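> Let me give you the structure first, and then I'll get to my questions.
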Amino acid sequence: MALQSMTGFARAGAELRGAAIAWEVRSVNGKGLEVRTRFPPGFERIEQPARQAVQRRFSRGNVQATLAVVHAGIGAQPVVNEEFLKDLAGLAKRLVEQFDVRPPSADGLLALRGVLEPPEILETDDERAASDAVILSALDTALAGLEQARASEGEALATVLRSHLDRIEALTGQAEADPSREVAAIRQRLAEQVRLLLDSANGLDETRLNTEAALLATKADVREEIDRLKAHIASARALLDGGGPVGRKLDFLSQEFNRESNTLCAKSSAASLTATGLELKAVVDQFREQVQNLE
């Protein structure tokens, strides 16, 4: 299963007994799956099956599905709700008399919701079922287009993420090979620290100082952090290769990458290793930023 981004757009249309229907579907990033729908009056019955159609295809993202229906011919002329319009006109007249406000225009009143209504289309149960089937089929076509758009974006994201993983791997190797981690360098650095302590404080037990120095050397070693970084790199690559909705798992791994790079910087006793750790943190931030776009 291909990786998918959570951003995309698609549209699809169909003909329905003298009417043109059109779906527009778009999605953006989201922590879970949120489906929002918009329908013209009289088509609200489609909402539940439309939501189910989206849920069958996607697991994350904020998805907006909008249905438009355009009727052709004389029968498509809108119907004026004259009783409602009369009430609004009476209310407007009272407001003008009481508050000396500007009277509303005719087009302003007609633009109010509920004044103009779409023409009523009488359908039998069988005709309505057939109409719903056409509308939902068009929606499925639009959702397939959205899925393809998200997959194309996901493929591009995967390329970027693999590039970041390559850089993380290179920096991990650079940290592992840093001269400050060589046994001779560690021994020389600790020996100098012990000598300074002995010179500055009379009566200190040299054996005890050497023991403490050994403990400090153990705490300062970044072997475990490097091993965990390598394991996380392998896991991230496996997820990218496996495809599917792996955004949450990769986001968790990016947090683990960040934790290990922070610890590496904290344990560092050399400027070169610190510089590597800081660059590693920057690449991890870039990796995590891109992961937020994956389903």
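> May I ask you to derive the relative contact order of the range 218-291, considering only C-alpha pairs under 8 Å and at least 6 residues apart, and to give it as an integer percent?
37 percent
> Treat the count of other C-beta atoms within 10 Å as a stand-in for reagent exposure and order GLU224, GLU82, GLU260 from fewest to most.
Ranking GLU224, GLU82, GLU260 by Cβ neighbours within 10 Å, fewest first, gives GLU82, GLU224, GLU260.
> On to the next question. Counting other beta carbons within 10 Å of each Cβ, put ARG150, ARG36 in order, fewest first.
Least to most surrounded, the residues fall as ARG36, ARG150.
> Based only on other Cβ atoms within 10 Å, what is the fewest-to-most ordering of PHE287, PHE43, PHE99?
Least to most surrounded, the residues fall as PHE99, PHE43, PHE287.
> On to the next question. If amide H atoms are built 1.01 Å from N in the plane of the peptide, which residues on other chains or at least 5 residues away come under 5 Å of the amide H of GLY244?
The answer is ALA2, LEU3, GLN4.
Each reported figure results from applying straightforward, stated rules to the coordinates on display, with no laboratory input. Predicted, not measured: the structure shown is a model, and the values here were computed from it. All Cβ positions, glycine included, derive from the backbone under ideal geometry; neighbour counts span all protein chains shown.
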